[in-house]
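Right, one structure below, let's go through it.
Please treat every number below as a calculation from the coordinates, not as lab data. The structure displayed is predicted, hence computed values, not measured ones. For neighbour counting, all protein chains shown are included, and Cβ atoms are generated from backbone atoms with ideal geometry for every residue, glycine included.
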Protein chains: 2
Amino acid sequence: MTAGKTGRKRPTISDVAQRAGVTKGAVSRALNSGTGVSSGTRERIRQAAVELGWSPSYAARALNGKPLGTIGLVVRRSPEILDFDAFFPSFLSGIESVLSGEEHATVIRFVPDAQTEAATYERLFGDRFVDGFLVTDLAVDDERPEMLDRLGAPAVVVGAPEGSSDFPTITNDSEEAIRGLVRRFAEAGHRRIAHVQGDPCMLHALQRRRHWEQAVRDLDLEPGPVEYGSYTIVGGAEATERILARNDDERPTAVFYGSDLMAIGGYSVLGEAGLDIPGDVAVAGFDDIPLASFASPPLTTVRSRHRALGSAGARILLDMLKGQAPPLSTMLTGELCLRESSGQPL
Amino acid sequence: MTAGKTGRKRPTISDVAQRAGVTKGAVSRALNSGTGVSSGTRERIRQAAVELGWSPSYAARALNGKPLGTIGLVVRRSPEILDFDAFFPSFLSGIESVLSGEEHATVIRFVPDAQTEAATYERLFGDRFVDGFLVTDLAVDDERPEMLDRLGAPAVVVGAPEGSSDFPTITNDSEEAIRGLVRRFAEAGHRRIAHVQGDPCMLHALQRRRHWEQAVRDLDLEPGPVEYGSYTIVGGAEATERILARNDDERPTAVFYGSDLMAIGGYSVLGEAGLDIPGDVAVAGFDDIPLASFASPPLTTVRSRHRALGSAGARILLDMLKGQAPPLSTMLTGELCLRESSGQPL
């Protein structure tokens, strides 16, 4: 094994200084301002750096407060939610579709709790490791916008915050699509429509629930039971078991799951209980993951444009970093994808 | 909107110098070596940096060739494969489970082609933006190990390379599990066992195919047809359509899919063709994604430990960066998960 495999020592500013026959201070000056060193010295330093493979560009940008070419994504999620996730890979793919063309990189940190999350934002920005942030998974009473404002960090918030936001936001508006779904259920004769909500602390979970509840009430129906499914397949299955354990007069004939993965968990429990989809229970999900159209029966769902959220968020953030005024609010629109699981309307 | 939202200008080394009443060179010297400046001046510079919120730590480490606290992950995949991927989020979650405890961050770049890939490795390491790399998705005749050796970059290769490797490798060995699966198929009376292979350029796809082929031959059977499914649900569905389009005497009664997602695509096509699983066609996948046990029928599969690959790879790389000699080869073992889709053996 050569030294390279375990980390051959990379050349330092001292090595460059030694090779160029100058002091480290001279290298720093050449690097930081270009002043205070003669052009001959600057050229010797440049030559030495090239020969040694010493590249000061990132460090130089960092020292001078110039853009670094990196954006940060701090994700506070449990590994269980990340495993086989519907949102994250697509969102990241959207970000990267913009960044790769601009030679930018994404710096990702997964954090277990709010305290580590705050420290990580401060450190990534304070240590000038990233230029700005994309903020996702807004929680109820999320403290990040205020914290990022205090840090002076450029950021784009993905998702609709409660109240107004000082940061540009990019939102997936699914209100109309959810309203359309509930109307289809009602037209097919359903009177008890249940909802399986994702993580109760996540704002997007709360918003989907509110849209469902409002749509049901607007049709003069009582909202059916609500269960929580934590956005996972297992969570969706367990929520469905709790729904089926209810008395007959509380049992819904249609269920709107807050994510496709939870609906797939529901499929399994409904199937084991001998219930036909959509004959006995009509089902719909949210996301439109690739699996949705391959499920049996194909799953009706509200399409959310994860990749577009990533690419639009990255684009707006890059524009901000270039000094352009961002649009304060960008809205994408969810879309109702009708498939067999929700049955035919009357 | 305050300046912070669009990127309040962060303090630079010049601002620190001005506030401390010293030259930029003095700040650089204090930062780079601590020599050539009096302790009083150093304290003034430190004080000015604190007041301005100027944090030199990352840049200082970078300039001095010290560990940066970041590892790089360069992923050459099309967005289609990333969308709803079985490997990537779990693998990342494993990496992060190690890095977050060590205050390290992951720098991720998605790249579209081999040329951008090579340039990205060079730039991330040459610009001292990362300390080392985790290398995944080994391709047939992969040029990255040689390139990383040339760069002198520390790296851990995830997956078994062809031939010997100068870099530490961490491998998921699924040979025995695939052999056990094929044996179960044979015991249940299957004589034509097909395989749906993932991306033909990926080494892991080729290795799964070889294990299947060898296991079939060892039982004195002829390997059934092979189709390619690109590791996606759609790809698995299309490969299954091609299998069903074959003449009766070439039609398999069992199919081993190189990934669970491809098997789920197969479920949909087999179901539409009126074929019962496992009655008419026995099915098995690879990965053991959370969905596998919730499919209908539950999917027999070879479990691959994605998260453990990530955590072990990150652990070995961090140990290397601390100067410890890594184990040259670490082996995890795949596991056969028998469920209803493969039928009962005789």
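At a glance:
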item: Residues with amide H under 5 Å from that of A:G132, placed H, sequence gap 5 or more; result: A:G72
item: Global form of segment B:172-271, assessed from the alpha-carbon gyration tensor, a/c cut-off 1.5; result: oblate
item: Dipole magnitude of segment A:160-267 about its Cα centre (Cβ charges: Lys, Arg +1; Asp, Glu -1), debye to nearest 20; result: 220 debye
item: Average beta-carbon neighbours from other chains, 10 Å sphere, peptide B:286-297; result: 4
item: Dimensionless Rg/Rh of segment A:232-300 - Kirkwood Rh, Rg from C-alpha atoms; result: 0.94
item: Net charge, A:A20 excluded, C-beta distance under 11 Å - Lys, Arg +1, Asp, Glu -1; result: +2
item: Listed residues A:L309, A:S39, A:V16: farthest to the positive end of the dipole of chain A (Cβ charges); result: A:S39
item: Chain B: calculated mean residue ellipticity at 222 nm from DSSP helix runs of at least 4, using -39500 (n - 2.57); result: -13000 deg cm²/dmol
item: Descending semi-axes in whole angstrom, ellipsoid equivalent of chain B, from the Cα gyration tensor; result: 53, 20, 16
item: Using alpha carbons only: equivalent-ellipsoid semi-axes of the protein assembly as shown, gyration tensor based, whole Å; result: 49, 34, 17
item: Backbone HN-Hα couplings from phi across segment B:141-146 [Karplus 6.51/-1.76/1.60, Hz, Gly and Pro as x]; result: 6, 5, 9, 5, x, 5
item: Pseudo-label separations to other copies for A:E222 - Cα-to-Cβ vector, 7 Å, nm; result: 6.7
item: For B:Q115, label point 7 Å along C-beta direction: distances to other copies, nm; result: 5.1
item: Per the axis that maps chain B onto chain A, nearest residue of B (Cβ criterion) and its distance in Å; result: B:S28, 2
item: Directionally averaged projected area (convex hull, Cα atoms, segment A:299-346), nm²; result: 4.2 nm²
item: Gained length - A:R217 relative to A:D173, 0.36 nm times residue gap less alpha-carbon distance; result: 13.9 nm
item: Built amide H within the under 5 Å cut-off of A:N172, gap 5+; result: A:G159, A:A160, A:L332
item: Under 13 Å from B:K24, Cα to Cα: aspartates and glutamates that are on another chain or at least 8 residues apart; result: B:D15
item: Per residue, the convex hull volume that the Cα atoms of segment B:101-195 enclose (Å³); result: 160 Å³
item: Loop-exposed GluC sites (Glu not before Pro) per DSSP, neighbour cap 14 Cβ within 10 angstrom, longest uninterrupted part of chain B; result: B:163-346
item: Cα-based shape type of segment A:228-346, given that a ≥ b ≥ c are square roots of the gyration tensor eigenvalues and the cut on a/c is 1.5; result: prolate
item: Using a 7 Å Cα-to-Cβ projection, B:D141 label spacings across copies, nm, ascending; result: 6.1
item: Exercise: per-residue mean of other protein chain Cβ atoms within 10 Å, B:106-118; result: 4
